[in-house]
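Following: one structure in structure tokens, then a few remarks.
The values are calculated or read from the model by the stated rules, or taken from the named source; none is laboratory data. Predicted, not measured: the structure shown is a model, and the values here were computed from it. Note that each Cβ is placed from the backbone with ideal geometry, even for glycine, and that neighbours are counted across all protein chains shown. Just the protein is used for accessible areas: all its heavy atoms, side chains included, with ligands, DNA and RNA removed. Shrake-Rupley method; radii C 1.70, N 1.55, O 1.52, S 1.80 Å.
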Amino acid sequence: MAGHVSGGVIVFQDVTDAIAMATQMTHLTNHDQLTGLPNRVLLHDRMQQAITVAESTGHMVATLLIDLDNFKYINDAVGHHLGDNIIQHVARRLDGVVDTRDTVSRIGGDEFVVMISDCKNMSCINRVSTQILEAIKDPFTLAGEEHRLSVSMGISIYPNDAKTPEELMRHADTAMYKVKSEGKNNIAFYSNSLSHELEERLSIEKLLHQRIKEEALEVYFQPKYSLVDGQLTGMEALVRMFNQSGQLLPPIVFIPVAEESDLINQLGKQVLEKSCRQAKRWLDEGRPTKVAVNIGASQFNKFGFTKTVADTLLKCDLPAKYLELEITESALIENINAAKQAITSLQKIGITIALDDFGTGYSSLSYLRSFNFNVLKVDRSFINDIAEEEQARNLFNAIKHLADSLNLNIVCEGVENEAQLKVLQEMGCTEAQGYYFSKPLPAEELENAWASIAL
Ligand code: C2E
Ligand code: CA
Ligand code: CA
């Protein structure tokens, strides 16, 4: 009869395995395999929960984004197996610092997040963050060897800085980036001005991308003169970038962004080529003029740099003796032997090399001797007070003697008035550049530069 139950079948199944499997699956999807710590997914859940609780208690939730400094190098040096070991040790130390209701999570290769839920005041956040720095400072002993580590930490706080887990993470990242860019091994709290800074940086980077793509960077030239006979001795090429509203952005604003974002190579290539083309034009017009081009540190250290320069000369049909490269000490210290080789091969082609901003870096003697520069450009800061202060004159004198004993030509930067010019002449300086003679200008506006200056 329809609807009448006449019997039943009961199926027994042992589900222990299935439950164990499911539990294991959940654990796998929520945890990092190497350290066993909660991963990004679980961290997000916990953050959401902590925020929900904090909404009613009025307490704070802090997100501490922790990135190991220079871990890539350590990993390469000790090998991936030991590298993994270090990550596990770091995880344990972080876990040892925090309270059980807080979360330590590994969200990437060498990136961890500590979430402190339910903070009543800033002091608990300060305490945990400094404890973390301390805990990492102790050397790690692995396979009988000591390794020292440091971390960069960015902190953002609910509800002050952000309202959602995503926003908290983003802002902690901004703060962490700030620490990295300022020399690592420190803590930074997120702030609105920080995000403003980041936005500006991003917009400069975007503009740089665009200008490089359009090949719309401009090169201005600033003449250098002989203080012996007043003749033009060469031009320094200086890059210029205009923004959408036609405003000129100074290189000091965008060169560091280019250096950090790797755009410096393309920028440098374009400036080099434009400078060589201009030098060739002057040569063809019967006004042979040596052009000095600034080279960024990472541009100089890039594999194949020497070849790029040689190729550019060929492409522009410019004899090498019309090109000088200005390099700062920071470009040389990364790999001294490679730098020496590069300089020697550039000089073999016929290019001269100037050490730029001399006096602001290490400027060690042995170092100066071991490189075979052609020119020393004395930084503007030594020229500034030279007319007024005896100490400035003494300093300059020392530099001058040093250069003489090493057979180096000196060029003084930033001569702004006649008084400075006179002192420099008296002190035996033979070449200078500065606003007193001319500001950097577009090539078309430099028609008068070839007339010798009155001394
Ligand atoms: P720098 O190589 O030391 O260039 C000299 C700077 O001093 C230029 O600033 C120039 O305009 C300025 N200057 C020249 N004479 C005077 C003066 O009498 N008084 C004062 N107060 N300043 C004077 P600029 O053009 O703003 O460039 C700044 C820096 O940006 C340069 O310093 C250089 O390090 C970098 N830079 C410029 N162009 C390039 C480039 O094409 N590539 C790279 N990598 N860096 C560049
Ligand atoms: Ca320079
Ligand atoms: Ca300089």
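Here are the numbers:
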read-out	value
Normalised contact order of the range 360-413, rounded percent, pairs of Cα under 8 Å and 6 or more residues apart	48
Electrostatic dipole magnitude of the range 182-292 [Cβ: Lys, Arg +1; Asp, Glu -1; Cα centre; debye, to 20]	420
Förster-model FRET efficiency, 25 Å R0, residue 349 and residue 369, C-beta, rounded to 0.05	0.65
All Cα pairs of the range 201-452, percent lying beyond 33 Å	17
Extension gain, residue 184 back to residue 404 (0.36 nm per residue minus Cα-Cα distance, nm)	75.2 nm
Rg(Cα)/(2.2 N^0.38 Å) for the chain, N = residue count	1.36
Centroid-to-centroid separation of the range 13-79 and the range 282-309 [C-alpha atoms, Å]	51
Sequence-distant aspartates and glutamates (8 or more away, or on other chains) whose Cα lies within less than 13 Å of residue 290	236, 324, 326
Members of 72/315; 206/302; 184/213; 184/307; 307/422; 274/422 lying beyond 30 Å, as alpha-carbon distances in this model show	72/315; 184/213; 184/307; 307/422; 274/422
0 to 90° range, to nearest 10: angle between helix 122-137 axis and the chain longest Cα axis	70
FRET efficiency, residue 245 to residue 10 (Cβ-Cβ, R0 60 Å, nearest 0.05)	0.15
Cα long-axis angle, helix 390-405 against the chain (0 to 90 degrees, to the nearest 10)	80
Zero-based 5 Å bins, Cα pair distances in the range 16-190, whole percents	1, 9, 17, 20, 20, 15, 9, 6, 3, 1, 0
FRET efficiency, residue 262 to residue 57 (Cβ-Cβ, R0 41 Å, nearest 0.05)	0.35
Peptides ranked, highest mean first, by Cβ atoms within 10 Å: ranges 388-396, 41-49, 243-251	41-49, 388-396, 243-251
Distance between modelled label sites at residue 160 and residue 435, nm, 7 Å Cα→Cβ extension	4.1
Which of 241, 427 is most accessible, then next, and so on - probe 1.4 Å	427, 241
DSSP-loop GluC sites (Glu not before Pro) across the range 146-245, with at most 11 other Cβ within 10 angstrom	182, 214, 215
Most positive-pole-ward Cα, 171, 56, 306, against dipole of the chain from beta carbon charges	306
Relative contact order (%) - the chain, alpha-carbon pairs under 8 angstrom, separation at least six	11
Helix-derived mean residue ellipticity, 222 nm - over the chain, DSSP H n ≥ 4, -39500 (n - 2.57), to 500	-15000 deg cm²/dmol
Label-point gap, in nm, between residue 284 and residue 77 - each point 7 angstrom along Cα→Cβ	5.3
Segment residue 334-residue 135, length gained on full extension (0.36 nm per residue, minus Cα span)	68.6 nm
Linear extension gain, residue 26 paired with residue 215, 0.36 nm per residue minus alpha-carbon span	62.8 nm
Distance between modelled label sites at residue 303 and residue 150, nm, 7 Å Cα→Cβ extension	3.0
1.4 Å probe accessible area per residue over the range 16-190, in Å²	51
0 to 90° range, to nearest 10: angle between helix 264-284 axis and the chain longest Cα axis	20
